[in-house]
Every structure is written in C-alpha cells, then in structure tokens.
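Below is one structure; the comments refer to it alone.
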Amino acid sequence: MRRSGGASITLLIAGACLLAYSVVAGAAEHKFVGTAKCAVCHKTATAGEQYPKWQASKHSKAYEALASPKALEIAKAKGIADPQKSMDCLKCHVTAAGVDTSMVGVKYSIKDGVGCESCHGAGADYIKKSTMEGLISGTIEKASVGLNMPDQATCEKCHNKESPTFTGFDFAKAKAAIAHPIPEERKAKYKSGG
C-alpha cells in the first residue's frame, strides 16, 4: 500500500509540475492584434508617426510584393505555385505567418505584410495606453507583456542568404531608414506620470 501511495504522490507532483509548466507556457503566448490597432495611437506627430512611417516602407508592401512578376518568376523557379500562399515566402512577408488563427485578432490582416508585431512581438498584452505608459516609464518589464525591441538578430531572421533576393544586409543603414522612435517629450511626460 505504501508503494501505491508513493506512486500516487509522485504522479500528483508530476501532474502539478505539468500544470505549472502549462500555465507559465500559456503566459508566454501573446495574441496578434494587427497594424490597424497599433495605428490608433502611433500615427500622430506627438506619438512619433510610427504608422505613417511603416506605411511608406517596403515592409508594409511585403505581402503585395509576393504577387509581383519578379516574385512569381522566383517562385516558379523554386517550384512554388503561389508565393502568397507558400509558407516558404509568407514566413518573411507577413506578420504571424503560420500562427494558429486563435492567436490573431479581428483587425489582423495578411495584406498588411510585415507589420509592427513582426518586429515588436504580438501586441495584445501591451497595446493598452496604460501599459505603454508603464513600459516607457519603466514600471512594466517589456518581456512580461511580449514587447520586443528588435535588434540585428531580429532583422536577420528574414534579411539573410535564405532569401532568393538577398544582396547583403547593412543593419545600421536599415535601422536608420525605418527609425520610428517615440519622441523624447512623450517619454518625459510618461516618466513624470503625466
């Protein structure tokens, strides 16, 4: 009887560990909200005009580019019938490629190409103004809400030799070309609690 009691306790502990692991793992899953949701707060000059800067970038047209004659030619040479449906192409041309549909919000659109969340992480847990203020003021840790501050490694997940159009990648130049910081005045306002 003691053996079965010991086995039961072992199974109970193992089950509790698995449950704890699944809760922690589940906390790491953040949902994608789509660029339209980001635009609400990130389009004005006082916010830094991140959304208009993204709209003017090649990232916003990355999905559309997969329908170009050049993309179709590359796809044909690689045996891909439709680059806008192939994960080989979508993984770098759209946000949330291959993610379960339960992890994307109603404002998400594949047509947005490489949106904000491709670089900054799925935004459902940091999209609220109060959360953004906490992130800027330093009272909320970025990783706790899924916010990523992209670095060279983030960019090189797609800008690399695996891409059939790769001709080299200068991170410093690319970063400067798409820079979209939050203005210092706004940061100061949040840090002062205003």
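The values are calculated or read from the model by the stated rules, or taken from the named source; none is laboratory data. Please read all numbers here as calculations on a predicted model, not as lab measurements. As a convention, Cβ positions derive from the backbone with ideal geometry for all residues, glycine included, and neighbour counts pool all protein chains shown. Please note that ligands, DNA and RNA were not included when accessible areas were found on the heavy atoms of the full protein model with its side chains. Shrake-Rupley method; radii C 1.70, N 1.55, O 1.52, S 1.80 Å.
Evaluate the distance, in nm, between pseudo-label points positioned 7 Å from the Cα of D82 and of A36 along their respective Cα→Cβ axes.
If labels sit at D82 and A36, their model points lie 2.2 nm apart.
Using a 1.4 Å probe, what is the accessible area per residue for segment 84-159, in Å²?
With all protein chains present, segment 84-159 gives 56 Å² per residue.
For a Förster distance of 35 Å, can you work out the FRET efficiency between the beta-carbons of E64 and E156, rounded to the nearest 0.05?
Efficiency, from the Cβ-Cβ distance: 0.95.
Counting only helical runs of four or more DSSP H residues, what would the 222 nm mean residue ellipticity of the chain come to if each run contributes -39,500 (n - 2.57) and the total is spread over all its residues?
-12500 deg cm²/dmol
Enumerate the residues in segment 150-194 having an amide nitrogen under 18 Å from the point lying 7 Å beyond the Cα of E73 toward its Cβ.
Hits in segment 150-194 for E73 at 18 Å: 163-167.
In bins 5 Å wide, starting from 0, what share of all Cα pairs of the chain does each bin hold, as a percent?
Result, from short to long distances: 1, 7, 12, 16, 16, 14, 10, 7, 5, 4, 3, 2, 2, 1, 0 percent.
So how far, in whole Å, is the C-alpha centre of segment 138-180 from the one of segment 31-100?
15 Å
Specify the residue with the greatest mean-square fluctuation among V114, V33, V99, computed from a Gaussian network of the chain linking alpha-carbon atoms under 10 Å apart.
Of V114, V33, V99, the Gaussian network model singles out V99 as fluctuating most.
Which of the residue pairs K70/K187; K78/K128; K129/K175 have a Cα-Cα distance greater than 31 Å in the structure shown?
K70/K187; K78/K128
Treat segment 79-175 as a sphere of radius equal to its Kirkwood radius over Cα pairs and apply Stokes-Einstein at 20 °C in a medium of 1.002 mPa s; give the translational diffusion coefficient in µm²/s, rounded to a whole number.
D, rounded to a whole number, is 141 µm²/s.
Taking all protein chains in place and a 1.4 Å probe, what share, in percent, of the accessible surface of the chain do carbon and sulfur account for?
Carbon with sulfur: 60 percent of the solvent-accessible area.
Looking at the calculated P(r) for segment 54-115, what percent of the C-alpha pair distances fall above 15 Å?
Counting every Cα pair in segment 54-115, those more than 15 Å apart make up 49 percent.
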